[in-house]
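The values are calculated or read from the model by the stated rules, or taken from the named source; none is laboratory data. What you see is a predicted model, and the numbers here were worked out from it, not measured in a lab. Here Cβ is always computed from backbone atoms with ideal geometry, including for glycine, and neighbour counts include all displayed protein chains.
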Amino acid sequence: MTDAAELVSLDEDSYYQDPRGFFARLRESRPVAPVRMPAYGRAWVVTRYEDVRAVLTDPRMAKDVHRWPGGGRSRPSEATGVYAHMLHADPPEHTRLRRLVQKPFASRRAGLRPLTEAIAGGLLDEMARRGEDVVDLLGQYARPLPITVICELLGVPVADREWVRATVYAYDESTEQARVERELAAYLTELIAAKRAEPADDLVSELVIANDIAEAEKLTGNELVSTAFLLVMAGFDTTVNLIASGTLALLTHPGEMARLRQDPALLPAAVEELLRFTSPVNHANDRFTTEDVPIGDVVIPAGEWVIPAVASADWDPARFPDPDRLDLGRDTSGHVAFGHGVHHCLGAPLARMEAEVALGALLARFPRISLAVPSSELRWRPVSVMNGLDALPIRVG
């Protein structure tokens, strides 16, 4: 057992404000390190690319805490009604849940680009109408765009969207998370009932209809609510971070931004490099060991939390040479910004499309954008899993 005094902390300002430097030190000195995490106590952070990929595919690294060695546990989200989704499940249960959601999600996602372009254009029009020299790109663009897209996808009525936005935004605060989960669960239960009574052309209606006519496998009522909750939350924050941090990366690398302006066809490759370079999340969601698991020179005992640091993996020079250099033409194949293995992000294609649209529209509309403050003054949200800015003041003139 490692003494508590040896534990590294993931609840300190140096981690939140400089995860790149934090993970670089761990990769070099303690690539599999016991750490202190808020709400967890001890966990093990894995930081090197090959080790992270191995953790993400190792069946001995489980998600379903009811399989905890020596007796099952529970998660707080069980009490709030949003636990029963694929992110907390292992195969074969995970396979069932993902299969029931994947096809309708993919079919709906495919037609969202024109809508996303219209939403982006409307937000940029509003920014231009205000006539302000300095705007907070995070608050006026990067945040509203993804939540509006996901509300359209799910079929959230326009009248409810401001409440949904405010509720989702509050999830950053740890003291608010249980409230947000309870209130969203109650809202989504009502939304599902409304779609069952009057189906519309949206994903929730499609899931409800498919579920009601299924003769074999189907989602339970709680699984429907939990899945809708997961789609709202997972479809929001990571895309916000990608748009905002991607814009910041381009603004602080003017040569690459000029390269992208000159060749807009580079946008898909640019988004992949921005995913690798900025990493919208610091680490993937937790797993735990169902037995002793060796990783490198360390054996993690059974019944321990494990945190795969996907950001660190994508900044590992052993996989991506000169990783701190933004290169929109880099070979980014194999990056793990969206995870790897069976839990690879279901919404990855949607997030990529939204980022392509958002960045392309922004650069086209405002050809002279620049940072309004020195980059050293920007602050990052104190949320261990997310790698996201508090605000992004830019000049648009």
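Would you confirm whether any residue within segment 63-71 is part of a loop (DSSP other than H, G, I, E, B), more than 30 Å from residue 207 (Cα to Cα) and without any contact (Cβ under 8 Å) to a residue 12 or more places away in the chain? First the steps, then the outcome.
Kept after step one, since they are part of a loop (DSSP other than H, G, I, E, B), are these residues of segment 63-71: 63-64, 68-71.
Those still in the list that are more than 30 Å from residue 207 (Cα to Cα) too: 68-71.
Cutting the leftovers down to without any contact (Cβ under 8 Å) to a residue 12 or more places away in the chain gives us 71.
Checking segment 63-71: at least one residue is part of a loop (DSSP other than H, G, I, E, B), more than 30 Å from residue 207 (Cα to Cα) and without any contact (Cβ under 8 Å) to a residue 12 or more places away in the chain.
Taking first residues from segment 90-114 that are surrounded by fewer than 16 Cβ atoms within 10 Å (Cβ to Cβ) and partners that are among the hydrophobic types (A, V, I, L, M, F, W, C) and assigned to a loop (DSSP other than H, G, I, E, B), the Cβ contacts under 8 Å between residues at least 6 apart in sequence or on separate chains come to 102/346. Within segment 47-60, residues that are at pLDDT 95 or above and among the acidic types (Asp, Glu) have Cβ atoms under 6 Å from residues that are buried (at least 20 other Cβ atoms within 10 Å of the Cβ) and outside any helix (DSSP H, G or I) in these pairs: 51/295, counting only partners at least 6 apart in sequence or on another chain. Scanning segment 67-81 for residues that are loosely packed, with under 14 Cβ neighbours inside 10 Å, more than 21 Å from the chain's Cα centre (by Cα) and not charged (D, E, K, R) yields 70, 71, 72, 74, 79. Residue count for segment 57-74 under the criterion of being within 10 Å of residue 90 (Cα to Cα) and charged (D, E, K, R): the result is 3.
When residue 170 is tested against the conditions (1) more than 30 Å from residue 359 (Cβ to Cβ); (2) modelled with pLDDT under 90, the lone failure is (1).
Quick one: would you say residue 20 is in contact with a helix residue (DSSP H, G or I) (Cβ under 8 Å, 6 or more places away or on another chain) and in a helix (DSSP H, G or I)? Don't jump to the end; show me each part of the working.
On the way: in contact with a helix residue (DSSP H, G or I) (Cβ under 8 Å, 6 or more places away or on another chain): yes; in a helix (DSSP H, G or I): yes.
When the stated conditions are applied, residue 20 passes them.
Regarding residue 84, is this residue part of a loop (DSSP other than H, G, I, E, B) and either surrounded by 15 or more Cβ atoms within 10 Å (Cβ to Cβ) or at pLDDT 90 or above (or both)? Break it down stepwise before answering.
Details: part of a loop (DSSP other than H, G, I, E, B): yes; either surrounded by 15 or more Cβ atoms within 10 Å (Cβ to Cβ) or at pLDDT 90 or above (or both): yes.
For residue 84, the condition - part of a loop (DSSP other than H, G, I, E, B) and either surrounded by 15 or more Cβ atoms within 10 Å (Cβ to Cβ) or at pLDDT 90 or above (or both) - is met.
Considering only residues in segment 117-162 that are buried (at least 16 other Cβ atoms within 10 Å of the Cβ) and outside any helix (DSSP H, G or I), the one that is farthest from the chain's Cα centre (by Cα) turns out to be 135.
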